[in-house]
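Asker: There's a structure below that I have some questions on.
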Amino acid sequence: MSGVRVLVGTRKGAFVLSADGRRERWEVSGPHFAGWEIYHVKGSPADPGRLYASQYSGWSGQVIQRSDDGGQTWETVGNQFSYDGTPGTHQWYDGTPHPWEFERVWHLEPSLDDPDTVYAGVEDAGLFTSADGGQHWEELPGLRGHDTGASWQPGAGGMCLHTIILDPGRPGRMFAAISAAGAFRSDDSGQSWRPVNRGLQSEGIPDPDAEVGHCVHRLAMHPSRPDVLYMQKHWDVMRSDDAGESWHEVSGNLPTDFGFPIDVHAHEPDTIYVVPITSDAQHFPPEGKLRVYRSRTGGDEWEPLTSGLPQQHCYVNVLRDAMAVDSLDSCGVYFGTTGGQVYASPDAGDTWAPIVRDLPAVLSVEVQTLP
Amino acid sequence: MIRVALPSHLRALARASGEVELDISGPVTQCTVLDALEARYPTLRGTIRGHGRGPRRAFIRFYACEQDLSHQDPHSPLPEPVTSGAEPYLIVAAMAGG
């Protein structure tokens, strides 16, 4: 029988949650790398045994781990992330120039077809790639070197490149998103980039046509329809129907359009999920009710999903990389909270149950669908 | 033989238990001790100091013989009790983090 493997990164280690296709009974493995912050763990689409993990500590900085057996054993690989050439400066919070400094890897995106090729989105915002399974890393400098790069400013959480999406239908096309610079697209395998932020309206940016400076929290794409992109911005849920050339708002009847994650149903490209959060100052669900909102119309019309989720006294957050979907016949949806719960829905969000309740704060959730 | 004590999170990363013992030919300095440590345990590269003999990471400290050596010249000789193996060279995770 097919199964799923949920890869959870937390403030104090990684956890691997496994179940068969019914997704009722779970085995929990971990903590792996106990005590370290695990920003992200993701498996290779080309080889489900191959996993990459971003491991970080304030004492000792960045470490990258690789597994070839689905997370049972791990090998420490390369952790040297050196910006290409003379890094230069970006803008600091006070508007002064600040040297580009590598801090950590936020997101690891394995290639769609080569287990040894993987991309890393880092803070300060840059894009790196490895072609040897993570042993050696090289920057793709065209992104950070874009004409606007020197004007990028960090968001409250740091200037992180947190989203990397590879277009399965158009080799060479990829998307990246940076807080707080915006969304970017490459059509030449990451060699050159341009901002794709037309239509975004951001409080605090007086120019409605500002090319960069937007606090994009997350992008999502359905692989069967790669020109349609969804975005959870700092405020506003947005949609593009032309691969980012233009965006329009689809927040519709959401109780608040602030939030972090956004994801797409595995089999229904118009079915999307967000977790509304009260505001930028109050990073918890409105009214203390943890509600996932689902749109079956590609946005604008949203319904709350509450069955099995706490509907009182709930003040957790769901971070940008902490939601994922599996591709079983009945699409499973998963998310983790800063309170340490990982919730699963085996029926596309209709009902939810916690897999685990008491992990450290969850930073990321990914899922692998296994044969 | 030089004895090196690692903080627990680096012992786990290096898969080392207890103190690490290193043989160093030539001058015994903080720099050559770290060179030998990183050669024995490549997974520690970049976690104590920057790659390529880079600067000490901000929240890592070096002690020996009840002295804080963190700000001393990394190329200065280490105290005799360290070079003789009587005392360990301590790599310490500063009281920071969470």
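Any read-out appearing in this document is the output of simple, stated calculations on the displayed coordinates, not a laboratory observation. This is a predicted model, so every value here is computed, not measured. Note: ideal-geometry Cβ built from the backbone for every residue, glycine included; neighbour counts use all protein chains shown.
Asker: Return the whole-Å distance between the Cα centroid of region B:1-74 and the Cα centroid of region A:159-233.
Answerer: 42 Å
Asker: For residue A:233, list the lysines whose Cα falls under 16 Å from its own Cα; do not include residues on the same chain fewer than 8 positions away.
Answerer: Correct list for residue A:233: empty, as no lysines qualify.
Asker: For chain B, what's the relative contact order in percent, using C-alpha pairs closer than 8 Å and at least 6 residues apart?
Answerer: Contact order relative to length: 36 percent.
Asker: Got a sec to turn the phi values of region A:7-13 into Karplus ³J(HN,Hα) couplings, 6.51 cos²θ - 1.76 cosθ + 1.60 with θ = phi - 60°, whole Hz, x for Gly and Pro?
Answerer: 9, 10, x, 10, 5, 9, x
Asker: Each label point is 7 Å from the Cα along the Cα-to-Cβ direction; what then is the distance between the points at residue A:279 and residue A:75, in nm?
Answerer: That separation, rounded to one decimal, is 5.1 nm.
Asker: Okay, next question. Can you tell me the order of A:223-234, B:61-72 when each peptide is scored by its average per-residue count of other Cβ atoms within 10 angstrom, highest first?
Answerer: A:223-234, B:61-72
Asker: Work out from phi, with θ = phi - 60° and the Karplus expression 6.51 cos²θ - 1.76 cosθ + 1.60, the ³J(HN,Hα) of each residue of region B:58-65, listed in order in whole Hz, and give x for Gly and Pro.
Answerer: Taking θ as phi minus 60°, the curve returns 4, 9, 10, 10, 10, 10, 6, 6 Hz for region B:58-65.
Asker: Name the residues whose placed amide hydrogens come within less than 5 Å of the amide hydrogen of residue A:40, ignoring near sequence neighbours (fewer than 5 apart) on the same chain.
Answerer: Excluding prolines and chain starts, which carry no amide H, the hits are A:54.
Asker: Using only the Cα atoms of region B:2-93, build the gyration tensor, take square roots of its eigenvalues as a ≥ b ≥ c, and label the shape rounded, prolate or oblate: rounded if a/c is under 1.5, else prolate if a/b is larger than b/c, else oblate.
Answerer: In terms of gyration-tensor shape, rounded.
Asker: Further question: Using alpha-carbon pairs under 8 Å, 6+ residues apart, how would you state the relative contact order of region A:299-371 in percent?
Answerer: 32 percent
Asker: Residue by residue through B:42-53, how many Cβ atoms from other chains fall within 10 Å of the Cβ on average?
Answerer: 4
Asker: Hey, can you grab everything whose amide H is under 5 Å from the amide H of residue A:263? Only 5+ residues off in sequence or another chain; H modelled, so Pro and N-termini drop out.
Answerer: A:273
Asker: Now for a different question. In the calculated pair distance distribution of the protein assembly as shown, what percentage of Cα-Cα distances lie above 27 Å?
Answerer: It works out to 55 percent of all Cα pairs.
Asker: Tell me, what is the FRET efficiency for residue B:73 and residue A:138 to the nearest 0.05, using R0 = 45 angstrom and their Cβ-Cβ distance as r?
Answerer: 0.85
Asker: Among the lysines, select those whose C-alpha is under 20 Å from the C-alpha of residue A:42, and discard any that sit fewer than 8 residues away in the same chain.
Answerer: A:12
Asker: Return the single residue from A:300, A:209, A:47 with maximal mean-square fluctuation; model: Gaussian network over chain A, springs between Cα atoms under 10 Å.
Answerer: The residue that fluctuates most here is A:209.
Asker: Quick one: which residues, 5 or more positions from residue B:60 or on another chain, have an amide H under 5 Å from its amide H? H modelled 1.01 Å from N in the peptide plane, none for Pro or chain starts.
Answerer: Residues meeting the amide H criterion: B:94.
Asker: If you don't mind, there's one more thing I want to ask. Tell me, what is the percent relative contact order of region A:3-370, built from C-alpha pairs under 8 Å that lie six or more residues apart?
Answerer: Result for region A:3-370 is 12 percent.
Asker: Is region A:61-199 best put as rounded, prolate or oblate by its Cα gyration tensor, with a ≥ b ≥ c the root eigenvalues, rounded for a/c under 1.5, and otherwise prolate when a/b is larger than b/c, oblate when not?
Answerer: Oblate.
Asker: Taking neighbour Cβ counts within 10 Å as the exposure measure, how do A:290, A:305 sort from fewest upward?
Answerer: A:305, A:290
Asker: If you count, for every residue in A:68-80, the Cβ atoms of partner chains within 10 Å of its Cβ, what is the mean?
Answerer: So the per-residue partner count for this stretch is 2.
Asker: Can you sort A:342, A:118 so the residue with the fewest Cβ neighbours within 10 Å comes first?
Answerer: Neighbour counts put them in this order, fewest first: A:342, A:118.
Asker: Label region A:290-371 by shape, choosing from rounded, prolate and oblate, from the square roots a ≥ b ≥ c of the eigenvalues of the Cα gyration tensor; if a/c is under 1.5 it is rounded, and otherwise prolate applies when a/b is larger than b/c, oblate when it is not.
Answerer: Oblate is the answer for region A:290-371, as a/c is 1.5 or above yet b/c matches or exceeds a/b.
Asker: Next up: Calculate for the protein assembly as shown the 222 nm mean residue ellipticity that helices alone would give, adding -39,500 (n - 2.57) per DSSP H run of length 4 or more and normalising by residue count, nearest 500 deg cm²/dmol.
Answerer: -1500 deg cm²/dmol
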